Amino acid sequence: MWCSSRADVLEFTVDQPKISADVLLSAMEQAIDPMVVIDEHNSIIFFNPAAEKIWGLPREKVMGQNVNCLIPVPDRAQHNEFIDRNRATGIGRIVGTSREVEFQRANGEHVTGELSISRVQLTDTSKIYYIAVMKDVTEQSRQRKILILQNDVLQALASDQTLKEVGDLLCRRVDRFVPDGMAALMLIDRSHQLQVLASPGMPTRFRTALDSIVITDEQLAELGQDPTGSNAVVWSSYQSVARSLGLERCCSATIISRTGQMMGIFAIYMRGDDTAREWPERVVSTCVPFCALAIEQNETRLHIAKLSNFDRLTGLLNRTSLHNIIDRLILRGGDSRFSLFMVDIDRFRDINDALGHVNADRFLIEIGRRIRSQVTDDCIVSRSGGDEFIIVIPDCSHEKAEQFAEGLINTIGKPLQVGENTLSISCCVGICTFPENGPDSETLLSLADVAAHQAKEDGRGVYRFAGHEKNQVAQERLMLGSALRDSLAKGLLKLHYQPQVETMTGGLYGVEALSRWHHPKLGNIYPSRFIAVAEETGQIEAIGRWSLQEACQQMVKWDKAGMHVPTVSVNLSAVHFRNRALPEFISNLLEHHALTPDRLTVEITESVMMDGSGDTEEVLHAIRKLDVGLSMDDFGTGYSSLSRLTRLPLSEIKIDRSFINDFEHDANAQAVTMAVIGIGSRLGLTVVTEGVETVQQHRLLEKLHCDVMQGYLFARPLPPADLENWFRTGQERGSFILPVAGEPGPAGAGVQS
């Protein structure tokens, strides 16, 4: 405390004093700050009245004593050594600076002071004295500690830490701020039992004693009137146990919610015989509002969690929780088997309209109660919404499922009195089983729903199993959706690329990326089939994002291999263009792969062009502002108007293959194609014709000045490696249009596969 930081030696010249020693001594005596002087033997030779006050020691007790008597006990053993080292070297941590120190008055009260020490070497002598000036900053220090405590707890609450984590943090901070203190946060549960939630320093024996306390109604009433009377609960009854563990006294207060509910008690237990209570009581009063806030926040979080997991009306699990539980049952592996029952109440809409919402709610609550009466504890019951209830029964055989469904229908079908009305009830049940009917919760629930609707079509009060012939198409679609989701996650989808060739030069204009799916069990699945399923199941957006990423990655690979593909076209669904985040996604993707915008073209369908929503138009214009190409696919097959075509920021239109099928012999098809090419040319758009398969088609398109051709005449959609071979061959030939034997022209007649 006395020696510790490097300092310059302060030398006083006393040969010609300007002020007498008596004046100096008198000034030091009357100084408002405590002052202490020690001689070359570390003995106290000056101790002014202000020092007496801050240390709580009379002068006669300290004069002539080693300065260690003023030092905190833990630092006394080495203090003389520190002073001696400073005398010899001038090196220390405190001398010449000021620092904050904590010590105890004679009465045990803890004080914080700002200590500054000067080293004084008398002229013409080797004697070194030290002068210490202490300033009482206890209040400032405490205020700072309270601000630190408040900031730490508020940050913990804002970061969504658990109640236990916030309680532990609060108690650790208080233990640090209150010397010889031990903080504890205790909760009062609904049965009025006390529970020590947080107290890192509390001995196990005392914690066990406190956890056994049950607060009486009388005590609760008293705490409501006087929150500071909590010592009667957490101290008075267990003083003997506490004192046997070195705890001598307690400061506490009741934690009360904004509604007046007793939520807990915050206490500081203290060791030693310090009689000063002002600081611990102040810390307790500071902590109690934060404890209340943390407990209320935790209760709100639990309430939200309950709302998110349970149906508010019936108290049964909701659909989200049901999905999670089913997924856990599936992940158990091994011989995990279960049956899923979907219950659909007949004519519930009529009941709701006739009785009103209040009585309809009572009706649903009773249905939930009847279902629970039919199941055992290992079964899962959920209300998924409306009048649909779902039951999951583990290890349920086909025969047991039939018996349960019949019993369920009979129990639900008993007459029900609601208000003054007696209702005749019936229901239909759809049943599916794992693993026979599906690999995941979504598929199982969807199949059970299909089976329940089939049961409803077949009559009232019946059940049907998934797999019925009438359900086969819907079930196959659901199975395909599940397999598609799994394949997308495992990277089983691939992109093939079909070249687009410039009509007049034979050069490569670009490639169109086309999705291909080969399933290990289902085999090759046509895009027309799985794209429709993707749109129905909501997976089309994920496939579109994957296609964009995969196509950009492939362009980079081709560039590194010395194969320059000018642009790649990627088909996107109408759903994508309602998402305002699409332009930013494309921009980030191009930036990540270091591709210029002209290397990517996004293809839209006429259904997108017909979408009159502001979001769609805004997204289309934002994409074109990036300088990314925008192509109208299958132009001419829909009902789009030419006026709308002029308002969209297109860079390209693609003539549908249906116009080319009998192009050589159909004058009408030629006339329409010529008109589209003319419109595209006048609008400054590149015109691409799809489905070109013969040399004659190519020659006619050449005469009509079509810009770009795409079709089997040049190549089928190819995997990346095969496209590289096709590219190398065309590069060597100087044209990507295969020549016909015996003809000098650029066109070719072969169909490349």
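The values are calculated or read from the model by the stated rules, or taken from the named source; none is laboratory data. Keep in mind the model is a prediction, meaning the values are calculated, not measured. Glycine also receives a Cβ, built like all others from the backbone with ideal geometry; neighbour counts cover every protein chain displayed. These area figures cover heavy atoms from the full protein model, side chains too; ligands, DNA and RNA do not enter into them. Shrake-Rupley method; radii C 1.70, N 1.55, O 1.52, S 1.80 Å.
What is the helix-to-structure angle for 614-625, meaning the angle in degrees between its Cα long axis and the longest Cα principal axis of the chain, kept from 0 to 90 and rounded to the nearest 10?
Between the helix axis and the principal axis of the chain, the angle is about 90 degrees.
Restricting to bridges with both residues inside the chain, how much of the DSSP beta-bridge set is antiparallel, in percent to the nearest 5? Let's see the in-between values first.
Working: 84 of 111 bridges.
Expressed as a percentage, antiparallel bridges in the chain total about 75.
Relative to the first principal axis of the alpha-carbon coordinates of the chain, what is the inclination of helix 278-309, with its axis defined by its Cα atoms, in degrees from 0 to 90 and to the nearest 10?
Its long axis makes an angle of about 20 degrees.
Which one, (i) 197; (ii) 323; (iii) 258, gives volume of the Cα convex hull per residue in Å³ as derived from the coordinates shown?
(ii)
Leaving out ligands, DNA and RNA but keeping every protein chain, what accessible area does residue 177 have, in Å² rounded to the nearest 10, with a 1.4 Å probe?
Residue 177 has an accessible surface of roughly 20 Å² with all protein chains in place.
What is the distance in Å between the Cα centres of region 28-84 and region 423-462?
For region 28-84 versus region 423-462, the Cα centre distance is 89 Å.
Tell me, what is the percent relative contact order of the chain, built from C-alpha pairs under 8 Å that lie six or more residues apart?
It comes to 6 percent, rounded to a whole number.
Dipole of region 402-527, Cα-centred, from +1 at each Lys and Arg C-beta and -1 at each Asp and Glu C-beta, to the nearest 20 debye?
180
Using Cα positions and a limit of under 19 Å, work out the aspartates and glutamates in reach of residue 400, with same-chain residues fewer than 8 apart set aside.
Filter leaves 335, 377, 378, 436.
Just to confirm the number: angle between the C-alpha axis of helix 667-682 and the first principal axis of the chain, 0 to 90 degrees, nearest 10?
Taking Cα atoms only, the helix is inclined about 40 degrees.
Okay, helix-only estimate at 222 nm for the chain: each DSSP H run of n ≥ 4 adds -39500 (n - 2.57), divide by all residues, round to 500 deg cm²/dmol; what do you get? Before the final figure, lay out each step's value.
Working: 25 runs with 322 residues, N = 753.
Rounded to the nearest 500, the figure is -13500 deg cm²/dmol.
Measuring from centroid to centroid over Cα atoms, what is the spacing of region 185-251 and region 323-400 in Å?
45
Report the relative contact order of region 241-362, percent, no decimals, based on alpha-carbon pairs under 8 angstrom and at least 6 residues apart.
15
Spelling out what I want: for every residue of region 138-151, take phi, set θ = phi - 60°, compute 6.51 cos²θ - 1.76 cosθ + 1.60 (Karplus), and round to whole Hz; glycine and proline get x.
Karplus values, whole Hz, x for Gly and Pro: 4, 5, 4, 5, 5, 4, 5, 5, 5, 5, 4, 4, 4, 5.
With only Lys, Arg, Asp and Glu charged, each at its Cβ (+1 for the first two, -1 for the last two), find how big the charge dipole of region 120-215 is about the Cα centre; round to the nearest 20 debye.
100
Between region 650-690 and region 105-131, what is the separation of their alpha carbon centroids in Å?
Each part's Cα centre sits 99 Å from the other's.
Express in nm, to one decimal, how much length is gained between residue 25 and residue 299 on full extension, taking 0.36 nm for each residue of separation and deducting their alpha carbon distance.
Difference between extended and current length: 92.2 nm.
Just want the answer: with Cβ charges of +1 for Lys and Arg and -1 for Asp and Glu, which residue in 676, 326, 549 is farthest toward the dipole's positive end in the chain?
Checked the options; the winner is 326.
Find how much the distance from residue 662 to residue 259 grows on full extension, using 0.36 nm per residue of separation minus their present alpha carbon separation; answer in nm with one decimal.
So the extension gain works out to 136.9 nm.
Roughly how many debye, to the nearest 20, is the charge dipole of the chain about its Cα centre, given +1 on each Lys and Arg Cβ, -1 on each Asp and Glu Cβ, and no other charges?
900
Can you give me the P(r) profile for region 95-199? Cα pairs, bins 10 angstrom wide beginning at 0, each as a whole percent.
Using 10 Å bins, I get a P(r) of 12, 28, 24, 18, 10, 5, 2, 1, 0 for region 95-199.
Say the dipole of region 390-468 comes from +1 at the beta carbon of Lys and Arg and -1 at that of Asp and Glu; which of 465, 397, 407 then lies farthest toward its positive end?
407
What do you reckon, how do 557, 521 stack up by accessible area (1.4 Å probe), largest on top?
Result of the area sort, largest leading: 521, 557.
Aspartates and glutamates within cross-link reach of residue 61: Cα-Cα under 19 Å, excluding same-chain residues under 8 positions apart?
List returned: 29, 39, 52, 109.
Taking the dipole about the Cα centre of the chain, with the C-beta of Lys and Arg at +1 and of Asp and Glu at -1, give me whichever of 561, 635, 698 is farthest to the positive side.
Among 561, 635, 698, the one farthest towards the positive end of the dipole of the chain is 561.
Would you list, by chain and number, the lysines whose Cα falls below 19 Å from the Cα of residue 703, excluding same-chain residues fewer than 8 positions away?
The reachable lysines, counting only those whose Cα sits under 19 Å from residue 703, are 654.
For 236, 631, what's the largest-to-smallest order of accessible area, 1.4 Å probe?
236, 631
Given R₀ = 56 Å, what would the calculated FRET efficiency be for residue 372 paired with residue 245, taking r from the Cβ atoms and rounding to 0.05?
Working: r = 49 Å, r/R0 = 0.88.
The pair residue 372/residue 245 has a calculated efficiency of 0.70.
Separation between the residue 675 and residue 97 pseudo-spin-labels, each 7 Å from Cα along Cα→Cβ, expressed in nm?
So the label points at residue 675 and residue 97 sit 9.1 nm apart.
Carbon and sulfur together cover what percent of the accessible area of the chain at a 1.4 Å probe radius?
51
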